[in-house]
Amino acid sequence: MAKQWLKRLTVEQAEADNSGQGGDNLVPFGIKNSEWVRLVSKIRDGDQLYAYRESPPRHSRAFKNTVPSEGVALVRDGDVVAQVATRGR
């Protein structure tokens, strides 16, 4: 499945767009906060964050039975280094 890059984000934008409940406190990415914290710890100068959507091609058999995956990806030199899915997988 190919990723469709939706928009470039800052850490602050990603956290504002993905705030959710985590115990008694409002935390970025809710129950996936620990995944987000790990992703942020990997950020180096020159890295980029992108919101993404990933789904199988429309003509494939899997298209009918698959929920698109969405989330935030950390991209370094054109390669995805880490990602946090916010919908789907």
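Taken together, the values in this text are just the output of simple stated rules run on the coordinates, not laboratory data. Predicted model, so just to flag it, every value in this text is computed and none were measured. Cβ coordinates were reconstructed from backbone atoms using ideal geometry, including for glycine residues, and neighbour counts include every protein chain displayed.
Here is how the numbers come out for the structure above:
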| read-out | value |
| --- | --- |
| Residues I31, I43, sorted so that the one with the fewest Cβ neighbours within 10 Å comes first | I31, I43 |
| Potential extension, Q13-Q48 segment - 0.36 nm per residue separation minus Cα distance | 11.4 nm |
